[in-house]
1. With +1 on each Lys and Arg Cβ and -1 on each Asp and Glu Cβ, and nothing else charged, work out how big the dipole of the chain is about its Cα centre, in Debye to the nearest 20.
2. Heavy atoms only, 1.4 Å probe, whole protein assembly: order Phe67, Phe101 by accessible area, highest first.
3. Is there a quick way to get the dipole size of the range 24-87? I mean about its Cα centre, with the Cβ of Lys and Arg at +1 and of Asp and Glu at -1; what is the value in debye to the nearest 20?
4. Per-residue HN-Hα couplings for the range 6-21, Karplus 6.51 cos²θ - 1.76 cosθ + 1.60 at θ = phi - 60°, whole Hz, x for Gly and Pro?
5. Could you sort Arg27, Arg98 by accessible area so the largest value comes first, with the probe set to 1.4 Å?
6. Project the alpha carbons of the range 32-84 onto their principal axes and report the range along each, largest first, in whole Å.
7. If only Cα atoms are counted, what is the Rg of the chain, and what is its Dmax, in Å?
8. How much of the accessible area of the range 1-83, probe 1.4 Å, is carbon plus sulfur, in whole percent?
Amino acid sequence: QVQLVQSGGGLVQAGGSLRLSCAASGRTFSNYTMGWFRLAPGKEREFVAAITWSGGTDYAEDVKGRFTISRDNAKNVAYLEMNSLKPEDTAVYYCAARPGFIRTTVSDNDSWGQGTQVTVSS
């Protein structure tokens with residue numbers, strides 16, 4: 001496993017932007033796929049986006065075109081750039097890591113960050 005520490009998030013108006021960061025330590029970062037999930041009130045934790053060590057990406061349908069995931073392997077950091085935010089994007093966002101390829105289910109990701117609140121006001 002890797003240790004993940006998140007930063008960023010906060011309160012923003014609808015249509016605004018935020019960037020989340022996830023700093024990794026403990027293992028070879030470049031061997032891991034990095035992902036972002038979110039947990040909204042009354043819902044289960046759901047997949048948002050992921051990026052492989054080589055830069056391949058996958059996104060949930062409702063964030064495509066608005067969110068961008070990226071990583072800096074030299075700095076051991078993954079990012080989630082969120083634009084055109086909507087009130088329904090309000091959730092606690094979690095960074096995740098797993099060795100190998102992208103998996104969009106919660107149980108297939110074995111390292112997690114502490115969670116960051118993102119609140120989008122209408």
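The values are calculated or read from the model by the stated rules, or taken from the named source; none is laboratory data. What you see is a predicted model; the values in this text were computed from it and never measured. Methodologically, a virtual Cβ is constructed for each residue, glycine included, from the backbone with ideal geometry; neighbour enumeration extends over all protein chains shown. To get the accessible areas, we keep the full protein, side chains included, count just its heavy atoms, and leave off ligands, DNA and RNA. Shrake-Rupley method; radii C 1.70, N 1.55, O 1.52, S 1.80 Å.
1. Details: 12 positive and 11 negative charges, 47 e Å.
With only Lys, Arg, Asp and Glu charged at Cβ, the dipole is about 220 debye.
2. These residues rank, largest area first, as Phe101, Phe67.
3. About 140 debye.
4. My calculation for the range 6-21 gives 9, 8, x, x, x, 10, 8, 7, 3, x, x, 10, 8, 10, 9, 10 Hz in order.
5. Arg27, Arg98
6. That gives 37, 20, 16 Å along the principal axes, largest extent first.
7. So, for the chain, Rg and Dmax equal 13.2, 41 Å respectively.
8. Values: 1930 of 4220 Å².
Whole-percent figure for carbon plus sulfur exposure: 46.
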